[in-house]
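The values are calculated or read from the model by the stated rules, or taken from the named source; none is laboratory data. These figures come from a predicted structure and were not determined experimentally. Neighbour counts are summed over all protein chains in view; Cβ atoms, including those assigned to glycine, are modelled from backbone coordinates with ideal geometry.
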């Protein structure tokens, strides 16, 4: 069992959408969980100001409290413009976080998401988690984000086909409560980033493996 997990996400709310139930399950068992966000998720929108940024960060901290996350940190890379940043610069931030927290498990984005920031974060994490001697990360998992992962057309990028599932039957309510902290980011059903759709996805992922609710991941690497 993991002793320390690090969630590396592009924007606040990605952590809850992608793996909120898994985080809650880990922390309920005493596992330390930390989250780093590399961009703020709102600066690219028209009319966004410092107050909106503070509200988004406050929502992230509230969600973290719901999930039992030990610490949250916020990067300053340009929102929805990570493709304008040298990959090495992103990698260095990720490497610094791994060196600081020494996680044995890292969870991050799937490379096939339609969101460019998600793609770049995935690339940076894979680079930073090269399996070199003495590297702390032994398990590398990629999550899906509703309204990003499933919007990539077939053939445009690798499809998200999960081969690792975490039973979140006992923590789905906690995931949804944490999602409520991001009320400004939620949309009305049938938008995939609605509360109802997020629950439906968890129920479907669970049903595919005989559980009442689950989160699906693609296993990038596992070293026993």
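Candidates in region 181-192 are the residues that are over 16 Å from the mean Cα position of the chain (by Cα) and assigned to a helix (DSSP H, G or I); of these, the one that is nearest to residue 19 (Cα to Cα) is 183. Comparison of 127, 108, 149 shows that the only residue that is crowded, with 19+ Cβ neighbours inside 10 Å and free of Cβ contacts under 8 Å to residues at least 60 places away in the same chain is 149.
Can residue 181 be described as crowded, with 19+ Cβ neighbours inside 10 Å, under 21 Å from residue 8 (Cβ atoms) and modelled with pLDDT of 95 or more? Yes: the conditions hold for residue 181.
Are any of the residues in region 133-145 modelled with pLDDT of 95 or more, over 24 Å from residue 4 (Cβ atoms) and touching a strand residue (DSSP E or B) at 6+ places or on another chain (Cβ under 9 Å)? No, the conditions are met nowhere in region 133-145. Mind checking whether some residue in region 69-84 is buried (at least 21 other Cβ atoms within 10 Å of the Cβ) and assigned to a helix (DSSP H, G or I)? Yes: region 69-84 contains one or more residues that are buried (at least 21 other Cβ atoms within 10 Å of the Cβ) and assigned to a helix (DSSP H, G or I). If you take the residues in region 16-62 that are in contact with a helix residue (DSSP H, G or I) (Cβ under 9 Å, 6 or more places away or on another chain), over 17 Å from residue 214 (Cβ atoms) and assigned to a helix (DSSP H, G or I), which one is modelled with the lowest pLDDT? The extreme case among them is 52.
Within region 1-15, track down each residue that is at pLDDT 95 or above and farther than 16 Å from residue 129 by Cβ. Full working, then the answer.
Going residue by residue through region 1-15, those that are at pLDDT 95 or above are 4-15.
Passing the criteria: 10, 11, 12, 13, 14, 15.
Residue check: is residue 65 surrounded by 20 or more Cβ atoms within 10 Å (Cβ to Cβ), within 21 Å of residue 173 (Cα to Cα) and modelled with pLDDT of 95 or more? No; evaluated as a whole, the condition is false for this residue.
Looking only at residues in region 132-146 that are part of a loop (DSSP other than H, G, I, E, B) and in contact with a helix residue (DSSP H, G or I) (Cβ under 9 Å, 6 or more places away or on another chain), which one is surrounded by the most Cβ atoms within 10 Å (Cβ to Cβ)? Before the answer, list the steps.
At the first step, the residues of region 132-146 found to be part of a loop (DSSP other than H, G, I, E, B) are 132-138, 144-146.
Add one more test, that the residue is in contact with a helix residue (DSSP H, G or I) (Cβ under 9 Å, 6 or more places away or on another chain), and what stays is 135-137, 144-146.
Details: 135: 14, 136: 15, 137: 22, 144: 23, 145: 27, 146: 17.
Top of the filtered list is 145.
Listed here are the residues, each with its yes/no results for (1) crowded, with 23+ Cβ neighbours inside 10 Å; (2) without any contact (Cβ under 8 Å) to a residue 24 or more places away in the chain; (3) under 23 Å from residue 215 (Cβ atoms); (4) in contact with a helix residue (DSSP H, G or I) (Cβ under 8 Å, 6 or more places away or on another chain).
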{"residue": "94", "(1), (2), (3), (4)": "yes, no, yes, yes"}
{"residue": "115", "(1), (2), (3), (4)": "no, no, yes, no"}
{"residue": "154", "(1), (2), (3), (4)": "no, yes, yes, no"}
{"residue": "165", "(1), (2), (3), (4)": "no, no, yes, yes"}
{"residue": "169", "(1), (2), (3), (4)": "no, no, yes, yes"}
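Among the residues of region 102-124, is there at least one that is over 17 Å from the mean Cα position of the chain (by Cα) and either over 18 Å from residue 217 (Cβ atoms) or not in a strand (DSSP E or B) (or both)? Yes, because at least one residue in region 102-124 is over 17 Å from the mean Cα position of the chain (by Cα) and either over 18 Å from residue 217 (Cβ atoms) or not in a strand (DSSP E or B) (or both). Could you please let me know if residue 200 is in a helix (DSSP H, G or I) and over 16 Å from residue 19 (Cβ atoms)? Against the criterion (in a helix (DSSP H, G or I) and over 16 Å from residue 19 (Cβ atoms)), residue 200 qualifies.
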